[in-house]
Amino acid sequence: MSKEIVVVKDLKKWFDTDEGIVRAVDDISFTINEGETFGLVGESGSGKSTTAYTLMGIYTPTAGEISYKGMDISMGIKQRPLSLKKEMQMVFQDPGSSLNPKRSIEQIIELPLQVHGIAKDERRKRVIELLQMVELPEDYLDRQPTKIGGGEKQMVAIARALATNPTFVTLDEPTSALDVSMQAKIINKLIEFQETLDLSYLFITHNLSLMRNVATRVGIMYLGKLCEVAPTGTFFSKPLHPYTKMLLSSIPVITREEEAVKPDKVVSMGEIPSPVNVPSGCYFHPRCNECTERCKREDPPMVEVEPGHFVKCHTLSE
Amino acid sequence: MNTELMKERWRRNWYKFSRNPLSILGLAVVLAIILIAIFADFFAPYPEHAFVFVDFKNAKRPPCWQYLCGTDMAGRDILSRIFFGFRYSLVMAVSVLSVATPPGVLLGLVAGYMRDTWVDIAIMRVADVFLSVPSMVLALAVCSMLEPTLYNAMLAVTVMWWPWYTRLVYGAASSIKNEYFVQAAEVTGASTFHILFGEIFPNCLSTIFTKMTLDVGWVILIGSTLSFVGLGAQPPTPDLGTMVSDGSKYIPAQWWISLFPALFIVVIILGFNLLGDGVRDMLAGD
Amino acid sequence: MMSEMIVDIRDLYVNFNIYEGVTRVLNGVNFRVAKGEKVGLIGEAGCGKTTTVKSIMKILQMPPAEVMGGEIYLEGLDVLKMSQRDLQMMRRKTVSMIFQDPTAALNPVFKVGDQIGDIIKYNQLALGNKISKEEIHEKTVQVLKEVQMPDPERLMNSYPIQLSGGMRQRISIAMALVSATNLLIADEPGTNLDVTIQDQVLRLLGDLVEDRGTSIILISHALGAVKGLVDRVYVMYAGSMVEAANTEDLFSDPLHPYTKALFKAVPKLTGGGIPMGIPGRIPNYLSPPTGCRFNPRCSHAKPECRENAPPFYQVGDGHEVACYLYGGQ
């Protein structure tokens, strides 16, 4: 088995709000192996982005541990050593907001190099090299982000994330704001970089069809908890958790072959409850059509039904 | 930044600014006022009338071709005094804003970025205290404690002016702080100094400039009000507020002594407000 | 063709006048919707989908927009020649629109019930009926039940902010339904919602339209969402329609090079990686390519493609495609 690069153990991130405590991430554990793409899917409010932000240190964990290459990093961004920030980078969801509109593209890509102490004349060379890597022309250096297209902005954001030669990159919905043809281009670039630069990815998206094509392993989140974790092939061919099935059967697809792989139609019902007022027992029980009395009382444990395939559901733990 | 892009940006700015004819009017008024203020000696028909000058023979003359706005009780040409008054008004506005804005902006930036920490609470509560005292009352208090001079009036206005900028920038900074580009800078390990001045500050500039332009008019109004009640510039300084105040004793018979300085206060404020709207249109969006 | 057309757009050209110059956005749009038909309109961001449907209701901001040519018939009447009053009546009783972002479409300071009630009132006024408060209330409750909202009485007294995204979108569907007797335009109704919620909303929309025999135009860039709901699909690229066909035909046998490339770029649930996207990018509308606007990105481009825009060629039953590749058939 390959080496683990990130280990998350019993991670909790709660927010204290006016309405009460929001359990955005509630006791989740997973590992990311070197060179793989670990996909995290879930609907809005499932806590997938909070997980990524906590991993990157933008939020400080409420409880639990995060380690990177064996080093404990369960602290906020300000306390993390500078050398770590060189290795862990992030690409954000909205390319419109992830690039400062008042800075030129050169200044934007240059920033990580500047922070990590690269000399000025070398910086410019590296910025041009990075632009070439993401296939943008050199005369973009002086442009403002507001003057280029959405896909190109995301390419700039990727160039910035790669500037310091990181080993681990979190991709938070990198293509959800873009059209499919642009999405295809960006995803292919990301896959190419993973191979040539030896990167490990944490890939976050709500798009399961996309996940099918990029992830090595997939974890699915619902209301701050992981419901099912499995290698991508197994996850899509043999989904076990009722929520996974519901989600998979709701995806709109365009070809007959895809129709064939979808599980039998599970009519989706209900909405995600408010994370302030979570249901008792298994969080999913009010929307689940296999719900039993036991599900309303106890929260099921995560069990390994076959090697590498973890499911959190009472129907499988008997 | 290469010059071609720079030129292009100015062209675009001018296009947005000039969409509203009132903005151009505002710009014209403001430019005229600034020019007149700088070259008051040249524009004024009787520059020697600005300060101490007495010509009782021509006192209280109504507007005529010789004295376009009439003369005051000492026989001084009112238009000349108004032109010199512009100089004091502008000096007042520029010095108050250039002193009040930097600390106001700095405190707002820091408080906004450190939102929900004790730094934020300390800064914003102090600002709230200043804002909760009616500005005029605060200025009157400062002026009546100190000697009534133009400088003390400026000091008083400055003291009450900075919290407006703190609050303005605080609002902008605390929302910009949540933008992904700030988080990207944090993830990469950029210093707090860089985040404050390299990332957040440039995005606040347009709001700050807009407010400054609009504020010029208000500072002048407050300065004139202080002078009007006798706590600002003292005679014979040709200050618009003082002139209105001096002339008010002769209303309604010699209405022009008060009316023309008052009218020009209105023109100044209107000019800067129209210009401010234009600046806002110009810097909006992008 | 089949029955009467409710929407018939012929050769529509729309420009936008902006600082940089004139953008020629709509470039000869031909678009028809028959009575009771469910039509999908797909294409990437910025291809002119929203501009097209906004021009049907004549709610484009003019200026900067300017209609340069063409005709828009709605139930046989030319929208471009309608008086302001007729337009208002048309919006009140014939057409309604569901927007992409339900949060922006609902006024945050009024109660949901009042907002629906107002629409009922104006719709009835346009039809020349007087309606009492009780009747409005009754109708509101009824329509909320139709969109499967639990506890309509309580809901009518809540503000949009108190509802979830899915509920808000159902409210805006309800608002569209109370007045849309003939045509419903849904601009990306599920895009901002989660898949399970989107699934529910689209199913509901489909059922309601079916029951009432309303025509619907469903705009989306999510191709799968369109597939499940409509009878016929138009594919739009850079300001004109490139292909139109029955849903089944289009998805099983796309013809236009753009449609093919677009379908290929969609990530498939069957896996197997993602093929390269379409080379190049959407043209700049300030100086769009001459002829077929797809020619710079098309691997089949011939000299004639650069000279004249291809007309719609009939290929099989109701399958039309604007491409010279199919000109000889």
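The values are calculated or read from the model by the stated rules, or taken from the named source; none is laboratory data. Remember, predicted model here, so these are calculated numbers, not experimental data. As a convention, Cβ positions derive from the backbone with ideal geometry for all residues, glycine included, and neighbour counts pool all protein chains shown.
Worth pointing out:
- Subset of segment A:20-35 [under 13 Å from the mean Cα position of the chain (by Cα) and either among the charged types (D, E, K, R) or crowded, with 22+ Cβ neighbours inside 10 Å (or both)]: A:Ile32
- Strands (runs of 3 or more DSSP E) within segment A:1-113 that include 3 or more residues within 14 Å of another protein chain (Cβ to nearest Cβ) and closer than 23 Å to A:Asn277 by Cα: A:4-17
- Taking first residues from segment A:159-187 that are modelled with pLDDT under 90 and partners that are of a type in the set (D, E, K, R) and part of a loop (DSSP other than H, G, I, E, B), the Cβ contacts under 6 Å between residues at least 6 apart in sequence or on separate chains come to A:Ala177/A:Asp94; A:Asp179/C:Glu44.
- Residues in segment A:212-237 that are buried (at least 24 other Cβ atoms within 10 Å of the Cβ) and in a helix (DSSP H, G or I): A:Arg212, A:Val214, A:Phe235.
- Per this entry, B:Phe209 is counted among residues that are among the aromatic types (Phe, Trp, Tyr) and farther than 30 Å from B:Asp72 by Cβ.
- Taking strands (runs of 3 or more DSSP E) as the structural unit, those lying wholly within segment C:36-99 and holding at least 2 residues that are more than 18 Å from C:Ala244 (Cβ to Cβ) and in contact with a Ser or Thr (Cβ under 8 Å, 6 or more places away or on another chain) correspond to C:65-74, C:95-98.
- Some residue of segment B:142-164 being touching an Asp or Glu at 6+ places or on another chain (Cβ under 8 Å), without any contact (Cβ under 8 Å) to a residue 60 or more places away in the chain, part of a helix (DSSP H, G or I) and crowded, with 19+ Cβ neighbours inside 10 Å: yes
- Single unsatisfied condition, C:Ala238 versus (1) more than 8 Å from chain A (Cβ to nearest Cβ); (2) farther than 25 Å from C:Phe31 by Cα; (3) at pLDDT 85 or above: (2)
- Positions within segment A:183-209 being assigned to a loop (DSSP other than H, G, I, E, B) and more than 8 Å from every other protein chain (Cβ to nearest Cβ), in sequence order: A:Asp198, A:Leu199
- If only residues of segment A:210-228 that are away from every other protein chain (no Cβ under 12 Å) and out of contact with any helix residue (DSSP H, G or I) (no Cβ under 7 Å at 6 or more places or on another chain) are counted, the one that is nearest to C:Pro275 (Cα to Cα) is A:Gly219.
- If you go through segment A:131-161 and pick out every residue that is within 11 Å of another protein chain (Cβ to nearest Cβ) and over 20 Å from A:Gln89 (Cβ atoms), you end up with 10.
- Condition check for A:Ile128 on (1) surrounded by fewer than 20 Cβ atoms within 10 Å (Cβ to Cβ); (2) touching an Asp or Glu at 6+ places or on another chain (Cβ under 9 Å); (3) aliphatic (A, V, I, L, M); (4) at the interface with chain B (Cβ under 8 Å from one of its Cβ atoms): one failure, at (4).
- Of the candidates A:Gln93, A:Gln79, the single residue that is of a type in the set (S, T, N, Q), under 30 Å from C:Pro283 (Cβ atoms) and under 28 Å from the mean Cα position of the chain (by Cα) is A:Gln93.
- Screening the candidates C:Asn295, C:Asn308, C:Asn284 for the property of being under 19 Å from C:Leu26 (Cα atoms), away from chain A (no Cβ under 14 Å) and surrounded by fewer than 17 Cβ atoms within 10 Å (Cβ to Cβ) yields one hit, C:Asn308.
- Within segment A:190-203, the set of residues being over 15 Å from A:Ala215 (Cβ atoms) and either crowded, with 17+ Cβ neighbours inside 10 Å or under 16 Å from the mean Cα position of the chain (by Cα) (or both) comprises just one member, A:Phe193.
- Exactly one residue out of A:Val253, A:Val169, A:Val180 is farther than 26 Å from C:Leu262 by Cα and within 11 Å of another protein chain (Cβ to nearest Cβ): that is A:Val169.
- Here C:Val235, C:Val209 are screened, and the one residue that is touching a residue at least 60 places away in the same chain (Cβ under 8 Å) and under 13 Å from the mean Cα position of the chain (by Cα) is C:Val235.
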